[in-house]
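Heads up, the thing below is written out as structure tokens.
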Amino acid sequence: MKIFHEEDTDTDLIKDKKVAIFGYGNQGHAHALNLTDSGVSKVVVALKDGSSSIQKAESDGLKVMSLSDAASWADILMLLTPDEVQADMYKSHIETRMQPGASLAFAHGFNIHFNLINARNDVDVFMIAPKAPGYMVRSQYQLGGGVPLLIAVHQDNSAIT
């Protein structure tokens, strides 16, 4: 196992990307705000119509898009909704709308591991899994720190093309 630290990264790689955070619960809230506070200028929250989280995300200063519109718009799609809704959401709103070369990201590998989501071959698929609940991910970030996390690459289309 290789251990990476902040100095091993280049955060400029994501700063100009269009990032859609699907869901605004515990992890979605932390990821969206931490990315925005880190200088990623194009972050949106993707929510289903009528979601009770729309008002919260907007009051936190974030732009909200529909699931389908965000899937078409984003370079990086981070699925932070409950595992049990991800496969249907992917089939209904994401699979045919994602741009070739986009990245599909998860904080939990359940749907990929059990083949409930079979991503297209023209996208990257990876996992960024914080080993803490979202409120701790956010509070540690605000204190200038972070939490341990796991990173996994399932499909690296970028290396192929």
Lysine pair number, Cα distance threshold 16 Å (strictly under), the chain, separation 8 or more or different chains: 9
Size of charge dipole - the range 19-159 - debye, nearest 20, with Cβ of Lys, Arg +1 and Asp, Glu -1, no other charges: 200
Cα Rg, Dmax, the range 13-104, angstrom units: 12.0, 34
Built amide H within the under 5 Å cut-off of LEU149, gap 5+: LYS131
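Show me 54-64, 4-14, 27-37 ranked by packing, highest mean number of other Cβ atoms within 10 Å first.
Details: 54-64: 14.5, 4-14: 9.0, 27-37: 22.4.
Averaged packing, sorted descending, gives the order 27-37, 54-64, 4-14.
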Contour minus Cα-Cα distance for SER158 and GLU58 (0.36 nm per residue): 32.7 nm
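Looking at the chain, send over the antiparallel percent of its DSSP beta bridges, to the nearest 5.
Numbers: 6 of 26 bridges.
In the chain, approximately 25 percent of DSSP beta bridges are antiparallel ones.
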Computed P(r) (all Cα pairs; the range 101-140; 5 Å bins; percent): 6, 21, 24, 19, 13, 11, 6, 1
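Which whole-number percentage describes the relative contact order of the chain, with Cα contacts under 8 Å and a sequence gap of 6 or more?
Reported relative contact order: 20 percent.
Each reported figure results from applying straightforward, stated rules to the coordinates on display, with no laboratory input. The shown structure was predicted, so the numbers you read here are calculated from the model rather than taken from an experiment. Neighbour counts are summed over all protein chains in view; Cβ atoms, including those assigned to glycine, are modelled from backbone coordinates with ideal geometry.
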